[in-house]
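Encoded as structure tokens, the structure appears first; notes follow it.
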Amino acid sequence: MTKQLIYRNLIALVVLILLSGATALTATLFDGSLRHGILLLLAITKVMIVAGFFMELHLAHRFWIFALFCLIAVISAAIFLMA
Amino acid sequence: MHADSINYKKLLYPPGGILMWIIIFIELVSFGLGLIAYSYFNSVEADTFSRSRSELNAGLATLNTFLLLTSGYFMAMSVLRFKSRSFHKAHHFLWLAMVGGLLFILIKSIEYVGKIESGYTLSANMFFTFYWLLTGFHLVHVAVGIVILLVIGRQLKLRPETVKIEDLEAGAAFWHMCDLIWLLLFPVLYLF
């Protein structure tokens, strides 16, 4: 069980690092609002992975999962609209 | 309390405790409002923001992202090891998480010195006002997180049987909050 959790966390870390690489690549390759959209999408995905795996949010009551993801989505949407 | 006896599915007992989750929500809202204001001024003063952003070192910020994420992984591993009663390994991973945080502060300081030497201080323009406020507050959170981990780490080394899982999880949740905030700050400030 512990080994399984360790592997899951390691996979989460590898995915996060790959997404960070994709973030840097996006900033170089894309322009305009498409870039803003992709960058925010990647940021939201990374936040969800950190919260879900590292903070063990999947163990928590679904209220916390829903509330956190809604908050991140609202903040991101507002940033995108303002930009 | 042993980890097995905590029912995380109860609304009032999320991993790290309800108080820590209230703090996490308040912090996310605060930084979120800061980033929304930043985005607004970014659209109003597009030229100034674009020119100023090109003065930032995205390479160092990417390295810091890597360091914080890896540090978050070590923190999660520490909690896992603690739950399986491997206190020595839990302490080892806790220290690795702290080293990641300290390296983050070191790299951020190098970045700050460069900006001050180039004259990009808090009052240089609107972009740098946001840059200093948002990254500065985040850095303070990382520093506070290191102090929390230091206190838990010391207890974990000297009297591991007295450390409660709630304390370690609360420290871990605070540490991951620093990750979450940085993951939003990094693309918006450095790459947008």
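The values are calculated or read from the model by the stated rules, or taken from the named source; none is laboratory data. Values in this document were obtained by computation on a predicted structure and should not be read as measured data. So basically every Cβ, Gly included, is an ideal-geometry build from the backbone, and we count neighbours across all protein chains shown. Each accessible area value is taken on the protein alone, full model and side chains, heavy atoms only, with ligands, DNA and RNA left out. Shrake-Rupley method; radii C 1.70, N 1.55, O 1.52, S 1.80 Å.
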- request: Would you confirm whether any residue within segment B:39-58 is aromatic (Phe, Trp, Tyr), under 30 Å from A:Glu56 (Cβ atoms) and more than 7 Å from chain A (Cβ to nearest Cβ)?
  value: no
- request: Kindly check whether there is at least one residue in segment A:66-73 that is assigned to a loop (DSSP other than H, G, I, E, B), open to solvent by less than 50 Å² (accessible area, probe 1.4 Å) and facing chain B (nearest Cβ under 7 Å).
  value: no
Criterion violated by B:His2 - all others in (1) modelled with pLDDT of 90 or more; (2) more than 10 Å from chain A (Cβ to nearest Cβ) satisfied: (1)
message: What pairs come out if I take residues in segment B:4-26 that are farther than 23 Å from B:Ile181 by Cα and pair them with residues that are open to solvent by 20 Å² or more (accessible area, probe 1.4 Å) whose C-beta lies under 7 Å away, six or more apart or interchain?
response: B:Ile6/B:Tyr13; B:Asn7/B:Tyr13; B:Tyr8/A:Leu59; B:Lys9/A:His61; B:Lys10/A:His61; B:Leu11/A:His61; B:Leu11/A:Phe63; B:Leu12/B:Ile18
- prompt: Scanning for something touching a residue at least 60 places away in the same chain (Cβ under 8 Å), within 14 Å of another protein chain (Cβ to nearest Cβ) and within 21 Å of A:Lys46 (Cβ to Cβ), does segment B:101-120 turn up at least one residue?
  reply: no
field: Among (1) within 30 Å of B:Ser123 (Cβ to Cβ); (2) within 11 Å of chain A (Cβ to nearest Cβ) - the single one B:Met75 does not satisfy
entry: (1)
message: Suppose we filter segment A:26-65 for residues that are open to solvent by 20 Å² or more (accessible area, probe 1.4 Å), of a type in the set (Ser, Thr, Tyr) and either within 11 Å of the chain's Cα centre (by Cα) or within 8 Å of chain B (Cβ to nearest Cβ) (or both); how many remain?
response: 1
query: Does segment B:41-59 contain any residue that is open to solvent by less than 50 Å² (accessible area, probe 1.4 Å) and among the basic types (Lys, Arg)?
result: yes
message: Based on this model, can you work out whether B:Val99 counts as in a helix (DSSP H, G or I), open to solvent by 40 Å² or more (accessible area, probe 1.4 Å), modelled with pLDDT of 95 or more and of a type in the set (Val, Ile, Thr)?
response: yes
Members of segment B:158-181 found to be away from chain A (no Cβ under 14 Å) and crowded, with 16+ Cβ neighbours inside 10 Å, listed by number: B:Val163, B:Asp167
field: Some residue of segment B:30-39 being open to solvent by less than 50 Å² (accessible area, probe 1.4 Å) and over 19 Å from B:Phe137 (Cβ atoms)
entry: no
